[in-house]
Amino acid sequence: MDRPEVLVAVGDPEHVEQLVRTASDLARVVGGGVRIVSVVVKSHDSPFGVFSDETIADRYSGDRRAFLDRASDVVPDDVPVEAEILVARSVDRGLLRAVAETGPAALLIGWRARDRQRSGVVLGTSVDAVLRRATCDVYVERIGQLANGVEAVLLPVAGGPHVRPAAVIAGAVAAANDATVTVLSVAGPDEDHESAAERVAEGRAAIEAAPGPAVETRTVVREAADVEDALVDAAAAHDVVAFGATRRGAFRARLVGSVPRRVAERTNQTVLLARAAEEAGGPLRSLVDRVRSWR
Amino acid sequence: MTVTFWALVGLATLAGLFMAWSLGANSNSPPFAPAVGANAVPTMRAAFLIGVFAALGALTQGGSISETVGSSLVRGATLTPMAATAGLLTAAAFMTLGVYSGYPIPAAFATSGAVVGVGLSLGGAPAWDTYRRLGTFWLAVPFMSGGIAYLTAKLLRRDDVPDAVGVPLLAGVVAGIVANVSLGVVPSPTAQGTLAGFFSRLLGEPAVGGVAVVEVGTTVAFAALGFALVRRRMLASVDAGIRTFLIALGSVVAFSSGGSQVGLATGPLENLVRVELGLPGIALLAFGATGILAGAWMGAPRLLQATSREYAQLGLRRSLAALVPGFIIAQLAISLGIPISFNNIIISGVIGGGLAGGSAGVSRSKIGWTVAFWLITLVASTAVGFGLYRLFAAVLGTS
């Protein structure tokens, strides 16, 4: 595909429709295609690790080919689609290699909330690694209910580089469903109204600058004693919430931001987290990755 | 007996336990993966059986390899508590590195290298004859395993050999070998005896023309029994017969795996436990068996789930073909006292079985990398073991 691509990683047949649908919405606004990938993990400890990748994909990948075909059927006819099985030592290595090789515009992955229980892991090991290192915009969709009949998309903004990709996905989902985007900024107790208003204006500008058709946008500035509670309340009135990862800070906050993570845990809505391409790991990180993926 | 001595004993014990645990957790899933893949046994029960059989194997068959690792890798030096600690820590570090990096680090090479390294550091001389023996065996493993798997798969694929004959025949061969495996629990003038030898001695070791007839007779009887049992099941239902054999084969392979692996964890402790602490060898093996049991129960379910699907797709015949050499070669290694990496045997078996079907579909570069990592592990663990002992000696004073 010569056009920009949206790479979507699928593993569990149950969640394919949700992820592929979002990827299609995004591909349509960026004028590109969807590439569906599924990673077959084969460690070197496994006796099957010595088979060639082609053999593993052909003979030892279970019913994954059929599953990818079904996933491809979810993509609407106006969006080009390709599907492939990747063989790698771990899901994140496979995805990072695919990003490095195909240079997609964005990567979409799913996240199941139960993975967060493990200590030191924000969203699950694979998702964390991809968020840290993939050199394209990364979207993480919380696996849950299918957002059928989306009417309202919430875009909470708190400034920073990740507002741009969050606005892109909010716009894409809204455009596909004729929905309204609400750009929301919450001023905490020690913040003034003006800076929150500035952030909302930035968010609106990001929506307007995003590719794809114009979508109906409204802006809301709210003052609240507890930012998190206010966001949870606002989320309840919307079908989809698109967060940008928050500003750099502690390690965890750098990946996703503690507020988006906690809000995601407290709502049942479809949640999308966005991380901008330019915030991927630095030069040392990418050098280390290159050495690791060398084999 | 100073505080340092007991601290080292404690550290060596922990490192040995860790080694046994990781051996149990990492190298014991292949025996039952085909049975789980064929739905002959549920995952959790398979993991339970793996732990039990591997621990039994460790207890009854682990002595020979433990001794080789503990006393035959270096000449003119016995492993002091400090050396045992340095050796086990080195091996454990390599195993951990393997788990975290995803690189193939075989335990047999990591432990052997580490023990050679500390032994040389202690002032011992290289035991070249032992290295030649180990090297020859290690080089022969892929060919033996691949060859046996190839022949087994060929036999099972032949149209003129029905499954109700081919599979019982294989069961007969395995049962015949079982009669001749060395076990620590069989009463014998040597440390480990075989069942065939035991019955022979019971009847006064009669021989005709230099052939120990009772030994041969026992072997034949075992083989016939194995054949008959599986044959009867096969005739009732081919599926049930194959499942029975898969579980039986899995059990003896897990048993052999335990017997061939435990020595890697207990070998470096041989001198410490038997000479310095004056405990019997069986206590050391029981210690290792406990670690293997715990490792298998905790680690095997996850690995079984991951690999059983592949064995299911490999097909029943090729799964059997990959396991049979695992059993035969592990037993051969135990009888010769040679430490081996169980996974290497299974890998070669899977490839050999694949070749019987026409093309194996293996990647040359992946095999090249795997072999390269085996060699790197051997060399690097020797160097690290050598250096670590020196460091210990410099920091703690020689002991």
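Report the residues of region B:278-313 in range of a label on A:Arg59: point 7 Å along Cα→C-beta, backbone N strictly under 15 Å from it. So the set is B:310-313. Remark: spin-label model distance B:Asp129-B:Ala221 equals 3.8 nm, labels positioned 7 Å along the Cα→Cβ axis.
Entry note: region A:169-247 has Rg to Rh equal to 0.97, where both radii use alpha-carbon atoms and Rh is the Kirkwood radius.
In this structure the amide hydrogen of A:Ile36, modeled in the peptide plane, comes within under 5 Å of the amide hydrogens of A:Val8, A:Glu82, A:Ala83, A:Glu84, none closer than 5 places in sequence on its chain. Can you tally the net charge around B:Pro34? Count Lys and Arg as +1, Asp and Glu as -1, for every other residue whose Cβ sits under 13 Å from the Cβ of B:Pro34. So the surrounding residues net to +3.
Expressed as a fraction of 2.2 N^0.38 Å, the C-alpha radius of gyration for region A:9-102 is 1.12. Taking 0.36 nm per residue of separation and subtracting the Cα-Cα distance, full extension of the segment from A:Arg266 to A:Ala224 would add 13.4 nm. The mean sequence distance of close C-alpha pairs (under 8 Å, at least 6 residues apart), as a share of the length of region B:261-399, puts its relative contact order at 18 percent. Computed over region B:297-360, the P(r) curve from all C-alpha pair distances, binned at 10 Å from the origin, holds 20, 44, 31, 4 percent per bin. When you count the other C-beta atoms within 10 angstrom of each residue and take the mean per peptide, A:54-64, A:174-184, B:128-138 line up highest first as A:174-184, A:54-64, B:128-138.
Compute the separation of the alpha-carbon centres of region B:157-172 and region B:93-125 and state it in Å as a whole number. Taking the Cα centre of each part, region B:157-172 and region B:93-125 sit 42 Å apart. Convex hull volume of the Cα atoms of the protein assembly as shown, normalised per residue: 184 Å³.
Here the contact order of chain B, divided by its residue count and restricted to Cα pairs under 8 Å and six or more residues apart, works out to 38 percent. Legend: mean number of C-beta atoms from other chains within 10 angstrom of residue C-beta atoms, peptide A:50-62, equals 5. Mean partner shielding of peptide A:34-47, defined as the number of other chain Cβ atoms within 10 Å of each residue Cβ, is 5.
Every number in this text was worked out from the coordinates using simple rules, so none of it is lab data. Being a predicted model, the structure only gives us computed values, none of them experimental. Virtual Cβ from ideal backbone geometry, glycine too; neighbours counted across all protein chains shown.
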